[in-house]
Amino acid sequence: MSGHAIICGAGIGGLSAALALHARGWSVQVIEQAEELREVGAGLQLSPNACKVLQALDVLPELDALSFAPQALEMRLGRSGQSIFRIALQAPAAARWNAPYLHLHRADLLQVLTQSLMIRVPGALRLNARLEQLKHSASGVEVKLSCGQRLHGDLLIGADGIHSRVREILFGPDRPRFTGHVAWRAVAPVEALGQHRPPPSACVWTGPQRHAVTYRLRGGALANFVGVIEQAHWERESWHEQGPREQVLADFAGWHPIVTRLIESAAVHHRWALFDRPPLTSWQHRHCVLLGDACHPMLPFMAQGAAMAIEDAWALASSLDAAAQISPALARYESWRKPRTSRVQAASRANAKVFHRPAPAYWPLWLLARLWPDFFHRRQDWLYAYDVTDPTSENT
């Protein structure tokens, strides 16, 4: 089956969906409310399960030149820097999980996806286009933009993130729950860090009521910092709010110099509250469907938000390709994706507690890493070995 798809949101999930659908013969129109696409966010981790889709979309080679391939996943104590465990990535990622593990700046991934779409489908991306209303018909959906223009499509995909306008129109406003966590993010040039450069790994630094994550970007030229603290109250849920350097330094006072030097060297420090949302009863209605954070927002403690959106994009396109009508295709997509994304959501929530324990609680993990080194690789197999591009993955 093919037709015309209107995709709301030019983020990672929306652009991936546009590329996947176009490859299957669909015409696509991506509408984005922002007036321009500019550098947003900071680093992200692309695990092998996501890289398999990007390889299938034929964009992975372009990303290799912009990425950093970490040597390991590791956990250290936040104050002393004592290593708890280290999971080698280079050889295992290729041999065990059949794809690389990469670190990328979010802006670089968006740029590659955008350029690939514009080359393959010139004019597919429309900026400054805010969705105001939608109306169902027997054959599809009509979208009204804030400028007054109306667009018609066989399918509307809500890939418009955690504050999804499509979700709100279809299912009503939600009531997000503050998780009690506030996150900081910052980026600094590695050359400014001197002897306190972060290790060439994805490193979680643990401590009571807080944790940090460090890793490198853009071939190792940049260092990325994410810090999460427990906090009783927060009112705003904003990705763009800035906070004072003094505050984040106070939040991580006494921590290892690798962490604090990175904080000191960053020019800007953003912070945002982490909110959770109740599961949706359904992700689709008639000729409309949601993907990514619009239907299953992820806490960042498994580094899988972008990966799940990328997997969704492929699964949706594959479901549509295999069906003769849209409604059963959307039902198939939802039944395929819900079990996996729910499991990842649960694991992310659980890690929020794992990362915030006092130092003595980690000694069993330290001992396990030395007695059974393969244990931590095995724990990642269900997540990283998964290949949504394999037709049999729908049943796993």
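Assess whether Val53 counts as being of a type in the set (Val, Ile, Thr), at pLDDT 95 or above and in a strand (DSSP E or B).
no
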Cβ pairs under 9 Å, 6+ apart, first in the stretch 377-396 and over 18 Å from Gln304 (Cα atoms), second of a type in the set (Ser, Thr, Tyr) and in a helix (DSSP H, G or I): Pro391/Ser318; Glu394/Ser318; Glu394/Ser319; Glu394/Ser335
Pairs returned, first residue in the stretch 48-74 that is open to solvent by less than 50 Å² (accessible area, probe 1.4 Å), second residue that is assigned to a helix (DSSP H, G or I) and among the acidic types (Asp, Glu), beta-carbon separation under 8 angstrom, 6 or more apart or interchain, are Asn49/Glu311; Ala50/Glu311; Val53/Glu311; Leu63/Asp108; Ser67/Asp108
Under the condition of being polar (S, T, N, Q) and open to solvent by 40 Å² or more (accessible area, probe 1.4 Å), which residue from the stretch 216-264 is modelled with the highest pLDDT? Gln247
In the stretch 285-300, what count of residues is obtained for those that are under 21 Å from the mean Cα position of the chain (by Cα) and either open to solvent by 20 Å² or more (accessible area, probe 1.4 Å) or modelled with pLDDT under 95 (or both)? 5
In the stretch 173-198, which residue that is touching a helix residue (DSSP H, G or I) at 6+ places or on another chain (Cβ under 8 Å) and assigned to a helix (DSSP H, G or I) is surrounded by the most Cβ atoms within 10 Å (Cβ to Cβ)? Val190
Positions within the stretch 191-214 being hydrophobic (A, V, I, L, M, F, W, C) and within 19 Å of Leu73 (Cα to Cα), in sequence order: Ala202, Cys203, Val204, Trp205, Ala212, Val213
Considering Arg378, Arg343, Arg370, which residue is within 17 Å of the chain's Cα centre (by Cα) and open to solvent by 70 Å² or more (accessible area, probe 1.4 Å)? Arg343
Any chance you could count how many residues in the stretch 6-29 are touching a strand residue (DSSP E or B) at 6+ places or on another chain (Cβ under 7 Å), assigned to a helix (DSSP H, G or I) and open to solvent by 10 Å² or more (accessible area, probe 1.4 Å)? 1
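The values are calculated or read from the model by the stated rules, or taken from the named source; none is laboratory data. Nothing here was measured: the structure is a model prediction, and the numbers come from that model. Counting neighbours? That spans all protein chains shown, and the Cβs are built from the backbone with ideal geometry, glycine included. Just the protein is used for accessible areas: all its heavy atoms, side chains included, with ligands, DNA and RNA removed. Shrake-Rupley method; radii C 1.70, N 1.55, O 1.52, S 1.80 Å.
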